[in-house]
Amino acid sequence: MLRVGILTSGGDCQALNATMRGVVKGLYQNRDDLEIYGFLEGYKGLIHGNYQKMEAKDFSGILTKGGTILGTSRQPFKLMRVIGEDGIDKVKAMKDTYKKLKLDCLVVLGGNGTQKTANLLSEEGLNVVSLPKTIDNDIYGTEVTFGFQSAVDIATSAIDCIHTTADSHGRVFIVEVMGHKVGWLTLYAGIAGGADVILLPEIPYDIDNVIQAIERRKNQGKRFTILAVAEGAISKEDASLSKKAYKEKVKQRAYPTVSYEIAQQILEKTGQEVRVTVPGHTQRGGGPCAYDRVLSTRLGAKAAEMILNKEYGYMASVVNGEISKTKLSQVAGTLKMVDPESEMIKEARLLGISFGDKKI
Ligand code: F6P
């Protein structure tokens, strides 16, 4: 008998179901003696022994379905070893559930925090195989994560829609794209949507450089300017603060997000009309795009292969364009960030896109 537990943890994305389908299809095709246990709402289900015995049919017809059939929740890694008010030792509870169900393996789909907990459980002796989920594309050890391309498509279409109305009214528009710590989504959607200014957490901006780029376009006779701004975009001044001081400053900020602050600064310094659009969680919503369906299916097949071969302690990944596997110990704890010196940034600069760090 092969007993496999599976869970989805952290923020959702479009291709979680497609990926689970890939894993389970791969297992059912090769084993008749299979039991699958789906833990509900991520690690919470594993901690509290809240699970459902799944059938092959539960994973059928979900390739195109967004969200997650298992539900998800955020269980911060930093609190995993902290005993809360409920007195539960979370790590022990997860190990107990695993042992009680006599699992051979735990399959975990999630982002950075989830991968850290997956590594912790692997170090604690559980057989773990993980899969890289996130619209942020910031998981170390894989070139791409599932969910990223679907989110890029949605954020790009938001920028596309803004183009027509920005042109009609001759306005400056800010489209705020998800990503607090990394700017992959903003960079790709910004380039795909033809944004004129792209502000990323990895490249701190100076508002005067942003304004110079807007004025430059105006002087070129352009009626509008579009800025793609990451949730975590940061000014040079703020980037020089300590983490603590910056967090304090953000708490005191009079605006809901950085985009509104930038909008006010542009209005004050140029007199130009500025509007902010926040596609927000639509970027994680709906079904997976075709690219993600293929990626999820392939990564799912890789995870199934690892389980069948009893190769544990790895994340299914993409390395040098090929489906591969990366040790969880290498994945955990490192963020994959945009390199400000990368070719992609250089190419964008060559085309006149401003990143707000220098004059163009
Ligand atoms: O990690 C994915 C992500 O969508 C980030 O891009 C975003 O900043 C965050 O989650 C939003 O989190 P929540 O869904 O908890 O509001």
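The values are calculated or read from the model by the stated rules, or taken from the named source; none is laboratory data. Because the structure is a prediction, the values reported are computed rather than measured. All Cβ positions, even for glycine, are placed from backbone atoms using ideal geometry, and neighbour counts span all protein chains on display. The accessibility values were calculated without ligands, DNA or RNA, using every heavy atom of the protein model including side chains. Shrake-Rupley method; radii C 1.70, N 1.55, O 1.52, S 1.80 Å.
Selection of region 65-87 for residues being away from the ligand (no atom under 16 Å from the Cβ) and loosely packed, with under 15 Cβ neighbours inside 10 Å yields ARG81, VAL82, ILE83, GLY84, GLU85, ASP86, GLY87.
Taking region 154-213 as the range and being within 16 Å of the ligand (Cβ to nearest atom) and of a type in the set (Lys, Arg) as the test, only LYS181 passes.
Taken together, the criteria place SER130 among residues that are under 18 Å from GLU41 (Cβ atoms), buried (at least 21 other Cβ atoms within 10 Å of the Cβ) and touching a residue at least 60 places away in the same chain (Cβ under 8 Å).
For region 93-144, what are the residues that are among the hydroxyl-bearing types (Ser, Thr, Tyr) and either farther than 30 Å from LEU200 by Cβ or not assigned by TED's automatic domain parsing to the domain that holds LEU299 (or both)? Quick ask: steps written out before the conclusion?
Initially, region 93-144 is screened for residues among the hydroxyl-bearing types (Ser, Thr, Tyr), giving 97-98, 114, 117, 122, 130, 134, 140, 142.
Of everything in region 93-144, those that are among the hydroxyl-bearing types (Ser, Thr, Tyr) and either farther than 30 Å from LEU200 by Cβ or not assigned by TED's automatic domain parsing to the domain that holds LEU299 (or both) turn out to be THR97, TYR98, SER122.
With the requirement that a residue be loosely packed, with under 15 Cβ neighbours inside 10 Å and either touching a Cys at 6+ places or on another chain (Cβ under 9 Å) or hydroxyl-bearing (Ser, Thr, Tyr) (or both), what does region 327-360 give you? Answer for region 327-360, where residues must be loosely packed, with under 15 Cβ neighbours inside 10 Å and either touching a Cys at 6+ places or on another chain (Cβ under 9 Å) or hydroxyl-bearing (Ser, Thr, Tyr) (or both): SER329, THR334, SER342. When region 169-185 is filtered for residues that are open to solvent by 20 Å² or more (accessible area, probe 1.4 Å) and touching a Phe, Trp or Tyr at 6+ places or on another chain (Cβ under 8 Å), the ones remaining, listed by number, are HIS169, GLY170, ARG171, TRP184.
Every residue, every condition in (1) closer than 30 Å to LEU121 by Cβ; (2) assigned by TED's automatic domain parsing to the domain that holds ASP12, yes or no:
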site: GLU273; (1), (2): no, no
site: ASP292; (1), (2): yes, yes
site: LYS302; (1), (2): yes, yes
site: LEU308; (1), (2): yes, yes
site: MET337; (1), (2): yes, no
site: MET344; (1), (2): no, no
site: LEU351; (1), (2): no, no
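What tally of residues in region 113-153 results from selecting those that are assigned to a helix (DSSP H, G or I), within 16 Å of the chain's Cα centre (by Cα) and either closer than 25 Å to TYR188 by Cα or more than 16 Å from the ligand (Cβ to nearest atom) (or both)?
Residues meeting the conditions: 9.
Identify all residues within region 186-195 that are open to solvent by 10 Å² or more (accessible area, probe 1.4 Å) and either touching a Leu at 6+ places or on another chain (Cβ under 7 Å) or part of a helix (DSSP H, G or I) (or both); write none if there are none. Give the steps one after another, and end with the answer.
We begin by selecting, within region 186-195, every residue open to solvent by 10 Å² or more (accessible area, probe 1.4 Å); these are 188, 191-192, 194.
Residues satisfying the conditions are TYR188, ILE191, ALA192.
No other residue among GLN283, GLN272 is closer than 30 Å to ILE162 by Cα, part of a loop (DSSP other than H, G, I, E, B) and open to solvent by less than 40 Å² (accessible area, probe 1.4 Å) apart from GLN272.
Among residues of region 219-241 being open to solvent by 40 Å² or more (accessible area, probe 1.4 Å) and in contact (Cβ under 8 Å) with a residue 40 or more places away in the chain, the one that is nearest to ASP160 (Cα to Cα) is ARG223. Residues of region 293-311 include none that is more than 22 Å from LEU103 (Cα to Cα) and in a loop (DSSP other than H, G, I, E, B).
Filter region 36-53 down to the residues that are surrounded by fewer than 16 Cβ atoms within 10 Å (Cβ to Cβ) and not in a loop (DSSP other than H, G, I, E, B) and list them by number. Step through it out loud before you land on a result.
From region 36-53, those surrounded by fewer than 16 Cβ atoms within 10 Å (Cβ to Cβ) are 49-50, 52-53; that's our starting set.
GLN52, LYS53, listed by residue number.
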